[in-house]
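Below you'll find the structure, written out as structure tokens, and then a few comments.
The values are calculated or read from the model by the stated rules, or taken from the named source; none is laboratory data. If you're wondering where the values come from, they're calculated on a predicted model, not measured in any experiment. Reconstructed Cβ throughout: ideal geometry from the backbone, glycine too, with neighbour counts over all protein chains shown. Accessible surface is based on the protein model in full, side chains and every heavy atom, while ligands, DNA and RNA are left aside. Shrake-Rupley method; radii C 1.70, N 1.55, O 1.52, S 1.80 Å.
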Amino acid sequence: MIQFELEKTLKRPGKSKERLEKPSFRLEVKFALAKGQFVGILGPSGSGKSTLIRCLAGLEKPDVGFIRLDGFTWFDSHLTINLPPQQRSIGMVFQDYALFPHLSALGNVLYANSDRPKAMEWLDRVGLADHASHLPRELSGGQKQRVALARALAREPELLLLDEPLSALDEELRADLGELILSVQRSTRITALMVTHSRQEIARLCDTVIELKSGKLVSEKSCQKL
Amino acid sequence: MTIDLLPFAVSLQLGLWVTVILAVCMFPFAWIFARSTKAWVPWVESLFSLSLVLPPTVLGFYLLLFFSPLSPLGQFLDNTFGLRLVFTFPGLVLASCIAGMPFMITALRNGIMAIPEHVLEASWTLGKGRLETIWHVVLPNMRPAILAGVITTFAHTLGEFGVVLMIGGSLPGISKVVSIAIFERVEAQDFASAHVYAGILLLTSYVGVFLLNRIQRTQRLRDARRDSV
Amino acid sequence: MATKHRWSCIVLLLSLSSQTYAQNLNFSATNGFDSNKVADSIIVAAAANLASVGDLLKSAFEAKYAKASVTFVYGASGALSAQIQNGAPYQLFLSADLEFPKRIFDAGLAAARPQIYARGMLILFSLKALEFKKGLAVLSDPTIKQFALASPEIAPYGKAGREALVSLGLWDLVKAKIVTAQSISQAIQFTIGATGIGLINKSALYSKNLASFIDKEGLNWYQVDDSLYSPLVQAYVVLKSAASNQTTMAFAGFLSSREGKAIFLQAGYALP
């Protein structure tokens, strides 16, 4: 189980009138994920959802709060504990894939887990076994994201974080990749948190959805999935 | 005609030492300048570019005063370590490093800045520390930048004249580099020898820089075919 | 013999013998050095425009003392002085003037007073043959558009050039035509490469690329009357650290010796 309570002051992005009147806003979220749960975070741009997931990853630091995984503290502002990403059991998938350009698909996965057979297994699971030796520049967007997924999971982390994983892909590809994410999450039973601005994706993939608006959690709902 | 090959040996050694030392020592600074958002960064960064602004002879003159065995620092170095930094080859290497810093640092810094943030973050989320990330992800992806730094620094050091003259004393086999040898032959009105020195220098530098540029172009073409990763 | 004649004979004999004695002194001054002791490598810092005569001095000295080795380091006198004041490993400083050696002596860095070894000669040189009957006045000719002169502020030959032009009342007439060089070497470069005509040092004629003009006096060059400018005295100074160094003393002696003087004469200098 992952419990967290965070508060962080954020600058409002963009140049709207709102920004001039209130240049910053406060992200305040309190939540817990059960093991194996697939939670979606929905919200418009600038609602703080990316910051939330980056705080969980350890890439950004909340002002106040705590993050605990099964009683193991990743972050606690009162105890001044702040584990860097390296020491958190996470795997992260970025919107822009973030693959290592100089390594092949297999090389990227090996970077996470140097066990070769296991790495090949993961590549196979995402359907890219025959592209193992291809470099990222030789892969399509969808293929790159599959490699990113394999790479994120190869270390068998406790928590999978997905920051708008499908937003950079074409319409047709989104459905396929969404299916893949769901099937992998189901079969590994990994706890997953996905940030998106698409209600459809949430509806299709997640167990629970929480909605953020201007940094505040405004709703928490279960989803009915097929 | 008086042609002596010793200046070429000195110039080459100087170029190699300076390039290697700067490539290694300037990397941490380039990293900070590329990635830190602290307020003092632009101030310190500008300090590193100062040697570009001063005329080389002036820079050499101040270095001479600073490290002179008559100065407090010079005396300390002499008494404690037996180290002389004027009119010696190590002193020349140091002075040339100071003169060549901006070239290496700019190239490295630009190379680091060209690496997308998410790529570094991905490495961290996969359990790799900062140093591991620099070694396994950053360096392999900034080869063209490193080459650019090496080329410009090496070329600049070979052509360095003002600083070397002041702090080196033009001692044969120690600090008499090709650029000084050419100057001296011109002063002696011995243009024939000067032409030969200059010719050899130009030819070898041209070939060296050409080869390095070729390598860099091949790298760049490969990188250009990359999608946004 | 009449008393007058007798005295003349005695005086003549005495002067002749003193000449020989003096020559013997000089002779022993140069040969007074044990070749075995003159066996070091020394470094002589020299003004840049002495580079061609430096080559000659080095070969002659090393031929005389086979075990010794002289390395010449050339530079701007100002830079060399600064280096000497900051620990430069030179044994002797050969300057193209008297000022810098004096300064080094005054700074307490010299083993002895500066010694004058030669006098520089100023000439007007032209790549194209000119009518030098009028001497320097030819510079006021409208056909001469520009001529090179080393900076009178920083170069002794430049100062001499200005003095000569001022004494002849030509300065105001020609000063607009002057292309100022930062050193005598640069003045030579400007003369050969840009203006075609300039006031330079006679020793420039004895360097490799102007040697063809040596016998063209009156055609391509004209020796300026040395009464028109203050003597271009050139001195050397032995540095303190080399005070007891045999090779350095031998070299200093060599510069003042008959052989050394002959080299300077050959190289376009006058005796002091």
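Observations, loosely collected:
- Hits in the range A:46-97 - residues which are touching a Lys or Arg at 6+ places or on another chain (Cβ under 6 Å) and of a type in the set (Asp, Glu): A:Glu60, A:Asp63
- Filter result (open to solvent by 20 Å² or more (accessible area, probe 1.4 Å) and either touching a helix residue (DSSP H, G or I) at 6+ places or on another chain (Cβ under 7 Å) or polar (S, T, N, Q) (or both)) within the range C:229-263: C:Ser230, C:Ser241, C:Ser244, C:Asn245, C:Gln246, C:Gly253, C:Ser256, C:Arg258, C:Glu259
- For the range B:154-175, the set of residues classified as surrounded by 24 or more Cβ atoms within 10 Å (Cβ to Cβ) and at the interface with chain C (Cβ under 9 Å from one of its Cβ atoms) consists of B:Leu165, B:Met166, B:Ile167, B:Gly169, B:Ser170, listed by residue number.
- Unmet criterion (only one of (1) open to solvent by less than 10 Å² (accessible area, probe 1.4 Å); (2) facing chain A (nearest Cβ under 9 Å); (3) touching a residue at least 40 places away in the same chain (Cβ under 8 Å)) for B:Pro116: (1)
- Tally, over the range A:86-110, of residues that are crowded, with 23+ Cβ neighbours inside 10 Å, within 11 Å of another protein chain (Cβ to nearest Cβ), in a helix (DSSP H, G or I) and not β-branched (Val, Ile, Thr): 1
- Residue count for the range B:83-108, restricted to those that are within 14 Å of another protein chain (Cβ to nearest Cβ) and more than 16 Å from B:Ile174 (Cβ to Cβ): 0
- Restricting attention to the range B:119-135, the residues that are among the aliphatic types (A, V, I, L, M) and open to solvent by less than 10 Å² (accessible area, probe 1.4 Å) total 4.
- Yes/no for B:Phe191 being more than 23 Å from B:Phe27 (Cβ to Cβ), out of contact with any helix residue (DSSP H, G or I) (no Cβ under 6 Å at 6 or more places or on another chain) and either away from chain C (no Cβ under 14 Å) or surrounded by 20 or more Cβ atoms within 10 Å (Cβ to Cβ) (or both): no
- Residues of the range C:189-244 that are within 14 Å of chain B (Cβ to nearest Cβ), farther than 16 Å from C:Ala164 by Cα and of a type in the set (A, V, I, L, M): C:Ile192, C:Ala204, C:Leu205, C:Leu210, C:Ala211, C:Ile214, C:Leu239.
- Of all residues in the range B:36-74, those satisfying the criterion of being β-branched (Val, Ile, Thr) and under 21 Å from C:Ala79 (Cβ atoms) are B:Val53, B:Thr57, B:Val58.
- Residue list for the range C:144-159, restricted to those being assigned to a helix (DSSP H, G or I) and open to solvent by 10 Å² or more (accessible area, probe 1.4 Å): C:Pro156, C:Lys159
- The set of residues in the range B:59-84 that are farther than 23 Å from B:Gly149 by Cβ, in contact (Cβ under 8 Å) with a residue 40 or more places away in the chain and open to solvent by 10 Å² or more (accessible area, probe 1.4 Å) comprises B:Phe61, B:Phe67.
- Members of the range A:170-221 that are of a type in the set (Lys, Arg), modelled with pLDDT of 90 or more and crowded, with 17+ Cβ neighbours inside 10 Å: A:Arg174
- The range B:136-149 - residue that is under 13 Å from B:Thr106 (Cβ atoms) and touching a residue at least 40 places away in the same chain (Cβ under 8 Å) and, of those, most open to solvent (accessible area, probe 1.4 Å): B:Ile146
- Any hit, the range C:22-38, residues being surrounded by 11 or more Cβ atoms within 10 Å (Cβ to Cβ) and either within 14 Å of another protein chain (Cβ to nearest Cβ) or modelled with pLDDT of 80 or more (or both): yes
- Residue count for the range C:29-41, restricted to those that are in a helix (DSSP H, G or I) and small (Gly, Ala, Ser): 1
- Among (1) touching an Asp or Glu at 6+ places or on another chain (Cβ under 6 Å); (2) within 30 Å of C:Arg113 (Cβ to Cβ); (3) open to solvent by 70 Å² or more (accessible area, probe 1.4 Å), the one test that C:Gln266 misses: (1)
- Flag if C:Gly196 is more than 19 Å from C:Ala96 (Cβ to Cβ) and over 24 Å from the mean Cα position of the chain (by Cα): no
- Residue match in the range A:149-161 (condition: open to solvent by less than 20 Å² (accessible area, probe 1.4 Å) and touching an Asp or Glu at 6+ places or on another chain (Cβ under 8 Å)): no
- Any hit, the range A:61-83, residues being within 14 Å of chain B (Cβ to nearest Cβ), buried (at least 19 other Cβ atoms within 10 Å of the Cβ) and among the basic types (Lys, Arg): no
- Matching residues in the range A:52-83 - criterion: being assigned to a loop (DSSP other than H, G, I, E, B) and of a type in the set (Lys, Arg): A:Lys61
- When B:Ile200 is tested against the conditions (1) crowded, with 17+ Cβ neighbours inside 10 Å; (2) aliphatic (A, V, I, L, M); (3) modelled with pLDDT of 90 or more, the lone failure is (1).
- Meets criteria (in contact with a Phe, Trp or Tyr (Cβ under 8 Å, 6 or more places away or on another chain), touching a residue at least 12 places away in the same chain (Cβ under 8 Å) and closer than 16 Å to A:Gly40 by Cβ) for A:Leu160: no
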